[in-house]
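Beneath this line is the structure, given in structure tokens, with notes to follow.
What follows is calculated from the coordinates using simple rules that are stated; it is not laboratory data. Computed from a predicted structure; not experimentally measured. Glycine gets a Cβ as well: all are built from the backbone with ideal geometry, and neighbour counts include every protein chain shown.
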Amino acid sequence: MTTTTGIFDGYLRRLGTTGPHTPSVEGLFALQRAHLERVPYENIDIQLGRPPGIDPELSARRFGAGRGGYCFHLNGGFAALLESLGYDVTRHVGAVYEDADVREINGNHLALTVRVDGESYFVDAGLGDGPHEPLPLREGSHEQGGFLYRLERLDGAEQGWTYHNTGGPFPVMNFRSAPATMADFAEEHLRLSTAPDSPFIRTLAALRRDATGIDLLRGRILTRIDPEKGPVERELGSAEELFDALTGVFGRELDDLTPADRDALWARVEQAHEAWLASQQG
């Protein structure tokens, strides 16, 4: 086991776990559950025009300070933490799609696999609405808390795996078997965090997964997704309600936001909400 450095101390405290850590299936599952429950998928800094880099040590420090991120931050930081604890981690170039039939890989997602106790697992803390626990890296269906997932081999031009989440907004995520490095995601991170047509630029989003459901924020719409009861939506009517949801529901500390930041973020959310309402009337 590799001893963790100070880089990961705050991160582990955020996860509510203390050492010593010895690589095990039980330990891996516990770490993914804690990560999904306590470190949100969110794009606040991108919305404010100051996207954080994807260096894993930077992400780890940000998580320790109460921030979140999107897949390049979340899985990048999580991979580095797992490696510091002695896990055998492989990074993969992946891609999420709205079309369930797509079998391409455009590099807009970082996926992970971890080998421990003689078995390989699909590990992902960066989908937002993904599995609460790792999935065995083998073909088949897996049910967790009423949500159904499926893994199948990806053949043809791209050799790898396809992850299916039929109940999610992005029902497919494909990833290559070949190992990747963080440098492989730099160009796509720049596009996703700065391009006007990027969904991270257009809409404030936050997601959090727990054992029984998913919390989702898109603009002013806060949704709790329960596999048995279905989604329950609530429109947030004020900046105070928005910031209360970000801290209370998603666990995102906001002490890094100035009053001007809060005003700017709420203005962006309102503008996007009005544009969305107009599009619904068209």
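Counting only Cα, what are the radius of gyration and maximum Cα-Cα distance Dmax of region 6-187, in Å?
In Å, with Rg to one decimal and Dmax whole: 15.4, 44.
Which one, GLY64, HIS164, ALA180, is farthest towards the positive end of the dipole of the chain when Lys and Arg carry +1 and Asp and Glu -1 on their Cβ?
The residue sitting most towards the positive pole is GLY64.
Show that you can apply the helix-only estimate: for the chain, add -39,500 (n - 2.57) for every DSSP H stretch of four or more residues, divide by all residues, and state [θ] at 222 nm to the nearest 500.
Taken over the chain, the calculation gives -10000 deg cm²/dmol.
When the convex hull of the C-alpha atoms of region 194-238 is computed, what volume per residue in Å³ does it have?
Residue-normalised Cα hull volume stands at 88 Å³.
Using only the alpha carbons of region 196-281, what is the convex hull's orientation-averaged projected area in square nanometres? List each step's numbers first, then the result.
On the way: hull surface 26.6 nm².
The Cα convex hull of region 196-281, projected and averaged over all directions, gives 6.6 nm².
Between THR166 and ARG150, what is the label-to-label distance in nm when each label sits 7 Å out along the Cα-to-Cβ direction?
The answer from the label model is 0.6 nm.
Between GLN281 and GLU233, what's the calculated FRET efficiency when r is the beta-carbon distance and R0 is 22 Å? Round to 0.05.
Efficiency, rounded to the nearest 0.05: 0.75.
May I ask you to compute the full-extension gain from ARG262 to GLU98, defined as 0.36 nm times their residue separation minus their alpha-carbon distance, rounded to one decimal in nm?
55.9 nm
Treat every Asp and Glu Cβ in the chain as -1 and every Lys and Arg Cβ as +1, leave all other atoms uncharged, and give the resulting dipole magnitude about the Cα centre to the nearest 20 debye.
My answer is approximately 280 debye.
How much length is gained on full extension from THR18 to GLU253, taking 0.36 nm per residue of separation minus their Cα-Cα distance?
Difference between extended and current length: 82.5 nm.
Once fully extended, how much extra length lies between ASP88 and ARG138, figured as 0.36 nm per residue of separation less the alpha-carbon to alpha-carbon distance?
This chain segment gains 16.3 nm when fully extended.
Any idea what the dipole of region 196-281 comes to, in debye rounded to 20, about its Cα centre with Lys/Arg Cβ at +1 and Asp/Glu Cβ at -1? Walk me through the numbers before you get to the answer.
Working: 11 positive and 17 negative charges, 62 e Å.
Using Cβ point charges on Lys, Arg, Asp and Glu, region 196-281 gives about 300 debye.
In a shell of Cβ-Cβ distance under 13 Å around ALA60, excluding ALA60 itself, what net charge do Lys and Arg (+1) and Asp and Glu (-1) give?
Summing Lys/Arg as +1 and Asp/Glu as -1 gives +1.
What size of dipole, in debye to the nearest 20, comes out for region 126-282 about its Cα centre when the only charges are +1 on Lys and Arg C-beta atoms and -1 on Asp and Glu C-beta atoms?
I would put it at about 320 debye.
Which of ASP244, ASP210, ASP255 ends up with the largest GNM mean-square fluctuation for the chain, with Cα atoms connected below 10 Å?
ASP255
Enter the Cα centre distance for the pair region 120-182 and region 1-57, rounded to the nearest angstrom.
Measuring centre to centre over Cα atoms gives 20 Å.
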